[in-house]
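Worksheet: the structure to be examined is printed underneath.
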Amino acid sequence: KQVYKTAMGNFKKKSQMSNIDRSYLSLVLNIGYYYPDFYKKMNEIFGLEIKEWEIAIENAISTGEIRNDLEPKIVAKQFHFIFHGLAFNSALENGIKSTDLEVLYLSLYHFIKS
C-alpha cells in the first residue's frame, strides 16, 4: 500500500515517477538485486500465466474458435510476450495504453481464428 501511495503521489506531482510503468520496472529490477530468489518466483508466476493462456488456447481450438493447426504453448507465449514486451517498451516511453494492447491482441487473434 505504501509503495502504491508513494508512486501515485509522485505520479500526481509529475516527478521522476510520472511513468508508473517505468517505476514498476525499476522496482522489479531492484527487488531482484536485493532478493535473488525473486526472479525464480517471477518466472514461476510467468509460467503459470502462460499455462492459463495455453488452457484458453486449447479450449478455443476444441470449440473451433481458432485454428486446430496451432501449437497452444507457442500461441500462449505470443499472448504473454505481447503484453510483457509492450509493458517494457511503454516503461521507456509514456506508459502502457490499454488500447495498444487491445490492438495487438486482436491482431494476433485474427491471425489464429478459424
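The values are calculated or read from the model by the stated rules, or taken from the named source; none is laboratory data. Small disclaimer: the values here were computed from a predicted structure and weren't measured. Virtual Cβ from ideal backbone geometry, glycine too; neighbours counted across all protein chains shown. These accessible areas exclude ligands, DNA and RNA; they are computed on the full protein's heavy atoms, side chains included. Shrake-Rupley method; radii C 1.70, N 1.55, O 1.52, S 1.80 Å.
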Query raised in the report: Glu102 versus (1) open to solvent by 40 Å² or more (accessible area, probe 1.4 Å); (2) not in a helix (DSSP H, G or I): which is the lone unmet condition?
Result: (2)
Report task. Would you point out the residue of region 28-74, among those that are in contact with a strand residue (DSSP E or B) (Cβ under 8 Å, 6 or more places away or on another chain) and hydrophobic (A, V, I, L, M, F, W, C), that is nearest to Lys97 (Cα to Cα)? Result -> Ile57
Query raised in the report: On the given criteria, is Ser23 modelled with pLDDT of 60 or more and not in a helix (DSSP H, G or I)?
Result: no
Report task. Return yes when Glu93 is among the acidic types (Asp, Glu) and modelled with pLDDT of 95 or more and no when it is not. Result -> no
Query raised in the report: If you check every pair at least six apart or on different chains, which have Cβ atoms under 7 Å apart with a residue in region 31-55 that is without any contact (Cβ under 8 Å) to a residue 60 or more places away in the chain first and a residue that is open to solvent by 60 Å² or more (accessible area, probe 1.4 Å) and part of a helix (DSSP H, G or I) second?
Result: Gly32/Tyr39; Ile50/Lys77; Glu54/Lys73
Query raised in the report: In region 64-98, which residues are open to solvent by less than 80 Å² (accessible area, probe 1.4 Å), outside any loop (DSSP other than H, G, I, E, B) and of a type in the set (Val, Ile, Thr)?
Result: Ile66, Val75, Ile82
Report task. Sort out which residues of region 38-63 are open to solvent by 80 Å² or more (accessible area, probe 1.4 Å) and over 21 Å from Tyr109 (Cβ atoms), and write them in order of number. Result -> Tyr39, Lys40, Lys41, Asn43, Glu44, Ile45, Leu48
